[in-house]
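The values are calculated or read from the model by the stated rules, or taken from the named source; none is laboratory data. Here the structure is a predicted model, which is why all the values come from computation and not from measurement. Cβ placement follows ideal geometry from the backbone for every residue including glycine, while neighbour counts extend to all protein chains displayed. In case anyone asks, the SASA skips ligands and DNA or RNA and just uses the protein heavy atoms, side chains included. Shrake-Rupley method; radii C 1.70, N 1.55, O 1.52, S 1.80 Å.
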Amino acid sequence: MTTLRSPQEPQAAAAAGGHGDPKKMVRTYLAIFGALAVLTFLTVWVNTLDVSRPVAIAIAGSIAIVKVALIAMFFMHLKSEGRWIFGVVALCLIAVLILAVLISPDIGGVFGGFRH
Amino acid sequence: MTSVPWILDPSDEPTSTGVPHGKLGMWVFLASEVMLFGSLISSYIVLRIGSPLFIMPSHADLSVPVAAANTFVLIVSSVTMVLALAAIQQDNRKAMIGYLTATILCGIFFLCVKGYEYPHKWHLGITISSGLFGSFYYTMTGLHGLHVLGGIFFNSYILYQGVRGRLSARRCERVEYAGIYWHFVDLVWVVLFPLLYLL
């Protein structure tokens, strides 16, 4: 049987998820799943400990950031994307950063002891 | 066996960016979604820290174990989604249908648990008009729930395509796009869960 190849096949293959050998990727997906499950358990467990509120926020925030990064990098395949997708994500992160900077005086003001 | 010549599909058309339009469009859409949830989350943080009227219910009232179990269900759905993609990339349509069905069922289960949680909270006096927490809780989880519902419809459409034999290793980009959306829904919940239930 002969197979005709289209001239656009490399791009179509990329469109069809050219993120490495799917068989090998399955092991990665399962490892990430294990990590996410452990981190979820950890988030709930840390919350039952008698720690100060800032520490609890720091731990829960850090775990959430790690989980978000794992999902985006491996499940959404951001790790193997090109500059265009990274550009879109970077723009969005910059916008979020601007939002965070804009609300920081309110948060800082509360921690600093004054309220509007 | 006769050879089947390739048929030019819209996804085969070369693009100036080198990225298929569908994928780029999905990422741009998700970037706008980040801003939507980002603005709600930042408003929540500012009012939570700054407003004396923000009264947080107890962990018992929030049913943390139920929400934690629901978080786990959503993580399971994410891994079944990505396994569905890996299956179709290996031309294993049967496995893809199985994994995709599991993903849809997990999504339905998640919404059913929310359907249990909401009346439970209403019974405890936590309503959308009972205070700042209630307003944020129902707005953010409700909006997220709508996204889960949208994802269930999207995945069901992909499943239908799979059952009809329209997906293969060379024609699996739609599974990937549906997956990107579904993982985003999971990603948002990963942030909402500690924010609304634990901290």
The Cα extents of the protein assembly as shown along the principal axes, largest first and rounded to whole Å, are 76, 37, 32
Taking B:MET96, A:MET73, B:MET26 and ranking on accessible area (1.4 Å, protein atoms only), highest first, one gets A:MET73, B:MET26, B:MET96
Note to self, the protein assembly as shown gives a 222 nm [θ] from helices alone (DSSP H runs n ≥ 4, -39500 (n - 2.57) apiece, / all residues, nearest 500) of -25000 deg cm²/dmol
Relative contact order of chain B (C-alpha contacts under 8 Å, at least 6 apart) in percent is 29 percent
With the dipole of the protein assembly as shown defined by +1 on each Lys or Arg Cβ and -1 on each Asp or Glu Cβ, the option from B:ALA69, B:LEU24, A:PHE33 whose Cα lies farthest towards the positive pole is A:PHE33
Counting only protein heavy atoms with a 1.4 Å probe and every protein chain in place, the carbon and sulfur fraction of the accessible surface of the range B:9-84 in whole percent equals 73 percent
Hits for chain B under the membrane-span-like helix rule (DSSP H, Cα axial span at least 18 Å, Kyte-Doolittle mean at least 1.0) are B:21-50, B:64-89
As straight-line cross-link partners of A:LYS23, the qualifying lysines (C-alpha separation under 30 Å, not fewer than 8 residues apart within one chain) are A:LYS67, A:LYS79, B:LYS23, B:LYS94
Expressed as a whole number, the average count of other chain Cβ atoms within 10 Å around the Cβ atoms of B:78-84 is 6
The long-range amide H neighbours of B:ILE128, using H built 1.01 Å from N in the peptide plane and a cut-off of under 5 Å, are none
Taking N as the number of residues in the range A:20-80, the ratio of its alpha carbon radius of gyration to 2.2 N^0.38 Å works out to 1.35
Full extension between B:THR15 and B:VAL113 adds, at 0.36 nm per residue less the Cα distance, a length in nm of 31.0 nm
A student applying the Cα gyration tensor rule (rounded when a/c is under 1.5; otherwise prolate if a/b is larger than b/c, oblate if not) would label the range B:148-188 oblate
